[in-house]
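Read the structure below first, then the notes.
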Amino acid sequence: MSQAKLLVEGVSRVFPAARGGKPTRALEPVDLQVGANDFITILGPSGCGKSTLLRIVAGLDRPSSGRVLLDGRPVAGPGPDRGVVFQSYTLFPWLTVAENIEFGLREKGMPAAERRGIVEAYLDKVGLRGFEGHYPRQLSGGMQQRTAIARALANDPEILLLDEPFGALDNQTRALMQELLLGIWEREAKTVLFVTHDIEEAIFMASRVVVMTARPGRIKADVRVDLPHPRHYTIKTSPEFSALKAQLTEEIRAEAVLAAAEH
Amino acid sequence: MPMLRPLEPVGRGPRLVLGVSFFVLFVAVWAFATLGGYVSRTFLADPLTMVQDGWLLLTRFGFLGDIGVTVWRVLGGFVLAAVVAVPLGILMGAYKPVEAFLEPFVSFARYLPASAFVPLLILWAGIGETQKLLVIFIGSVFQIVLMVAVAVGQTRRDLVEAAYTLGATDRGVVRRVLIPANAPEIAEILRLVLGWAWTYVIVAEFIGSSSGIGHMIIESQALLATGQIIFGIIVIGLIGLVSDFAFKALNRALFRWRLA
Ligand SMILES: Nc1ncnc2c1ncn2[C@@H]1O[C@H](COP(=O)(O)OP(=O)(O)OP(=O)(O)O)[C@@H](O)[C@H]1O
Ligand SMILES: [Mg+2]
């Protein structure tokens, strides 16, 4: 077992009441260990607190209780050691693709020549060679998210956090993006925490799938995925894959029913 | 004639024709009213007289000099105001305690009519150029501060968060997110306020001035030279139009990413 890269200890989140309402318990105390080089997908119905958990790990939100440790150090705020890719498109619209990718490197004060090398490498890795001078407006959604992944990875973070990054893409594009991200992970041994509500997506990329309950979110199941690497999209039709899918569908269905009943 | 559809765009050609035709219509009605004898010449000159008066002003009375002086005053006061107000607005938008400290006062101050300061400023600064610049400064500075602060305060939060997760410092967020994200908006605000600055300068030139377009207009009133007055007003309009076009073109060139 690899040592814990990221440790989530008893993290909960209660949002204060809006006028006249009750406080929202978005997250029950959650414990989670992420080993170095793990690819963890967090699977849960809408509104179960997946984004909340990820934002707390990113340091963009504060837990109501508990704490988050990265390499043994408590997380106090956002920082370049935790790269984030958001569901909404958050490229800087006034910067070109290449300038977006080098944003973090410039903040670090890295010299221009060195920056250029890294930007070039990531342009190739995410297949955006030829688009480095384009502005985000001129890109499709898939290209924007690839740029966002490159921007996060260029910083060489300890862990990559992704919040339904492919949620707004069509199925074909989404499948390609999954392969692309998985390929990068297989080659570069990154640690990844990936939030999704898509079961196939969760299984295909993960070394572990963490299933959350309906709101207030808790961890309900933690399933190892021992499919071999490198994974090819054809694996999605293998019996092992189908068995996992059936198992997770059962787990998540109960929660979806609960979540739907509440709304 | 195709049906008029809401929000249906209009082509370049028709747009130009439509835009020019209103000017033509306007001058036609004016000419009809004055040349047709429906309005007394004493009160409203006809277009031909206006053009003749204008020509005289330019060739014999050195009106170009007046125009230059007025343009200089507007730009001087406006640039001073922008240099003070834009950084202050950015600070207010970015840092909430600064906003809490200044916003109430600035909101109050922006309703103080700049023209009403003219008599007071004459007492303080005499009738020289300083006083003219101050009128425009007072008229513009609070408006710019407030509008810039609002724009900066409304910066997309997810972009700010993205910058922090990429390792940006607090200053980095201001410098590399808040400012570039709002630069086009700030340029738009400056364009708008520059338009207003023209009103202030004319009022400032009505009182205690010996040069400028406003001075010419008030002198012409004493002579009942309505042709000259109208020519002066039209010149202001034309300069406004040209500077507006120039500003828009500059913004388009500077902020290509917005249109890309
Ligand atoms: N800033 C906030 N203030 C109040 N309540 C919030 C806030 N953010 C989230 N919530 C509530 O917390 C709960 C969990 O939200 P969260 O965004 O984490 O869900 P999610 O699992 O990411 O859902 P989805 O799959 O739809 O993105 C929701 O009920 C939401 O209404
Ligand atoms: Mg979410």
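Cross-link partners of A:Lys108 among lysines, defined as those whose alpha carbon lies under 24 angstrom from its own and excluding same-chain residues fewer than eight positions apart: A:Lys5, A:Lys125, A:Lys190.
Summing +1 for each Lys or Arg and -1 for each Asp or Glu, what net charge is found among the other residues whose Cβ lies under 12 Å from the Cβ of A:Gln145? Walk me through the numbers before you get to the answer.
Details: positive: A:Arg146, A:Arg151, A:Arg174; negative: A:Asp163, A:Glu164.
Every neighbour counted, the sum reads +1.
The lysines whose alpha-carbon is closer than 23 Å to the alpha-carbon of A:Lys245, local same-chain residues fewer than 8 away aside, are A:Lys50, A:Lys220, A:Lys236. How tilted is helix A:141-154 with respect to the longest principal axis of chain A? Cα atoms for both, answer in degrees (0 to 90, nearest 10). That works out to roughly 80 degrees.
Taking label positions 7 Å along the Cα-Cβ direction at both B:Ala31 and B:Ser210, the computed distance is 4.1 nm, reported to one decimal. By the count of other C-beta atoms within 10 Å, a proxy for reagent exposure, A:His197, B:His215 are ordered fewest to most as A:His197, B:His215. Cα convex hull, region B:45-254: 130 Å³ per residue, rounded to a whole number.
Within the protein assembly as shown, the proportion of C-alpha pairs whose separation exceeds 43 Å stands at 40%.
Using mean Cβ contacts within 10 Å as the protection proxy, how do B:246-253, A:134-141 order, highest first? Write down the numbers at each step before the final one.
Values: B:246-253: 12.6, A:134-141: 16.4.
Going from most to least packed, we get A:134-141, B:246-253.
Kindly state, to the nearest 0.05, the FRET efficiency for B:Phe105 paired with B:Ile233, given R0 = 25 Å and r defined as their beta-carbon distance. Efficiency at R0 = 25 Å is approximately 0.10.
Evaluate E = 1/(1 + (r/R0)^6) for A:Thr249 and A:Glu188, where r is the Cβ-Cβ distance and R0 equals 25 Å; express this FRET efficiency to the nearest 0.05. With a Förster radius of 25 Å, E is 0.20.
Placing unit charges on the Cβ atoms of the charged side chains and taking the dipole of the protein assembly as shown about its Cα centre, the candidate lying farthest along the positive direction among B:Tyr95, A:Gly10, B:Val10 is B:Val10.
Can you give the FRET efficiency for B:Arg157 and A:Leu227, using 1/(1 + (r/R0)^6), R0 = 51 Å, r = Cβ-Cβ distance, to the nearest 0.05?
On the way: r = 38 Å, r/R0 = 0.75.
E(calc), rounded to 0.05, equals 0.85.
Taking the C-alpha atoms only, the angle from helix B:179-206 to the longest principal axis of chain B is near 30 degrees.
Read the figures in this text as sums done on the coordinates, not as results from a lab. In this text, all values refer to a predicted model and were calculated from it rather than measured experimentally. Glycine also receives a Cβ, built like all others from the backbone with ideal geometry; neighbour counts cover every protein chain displayed.
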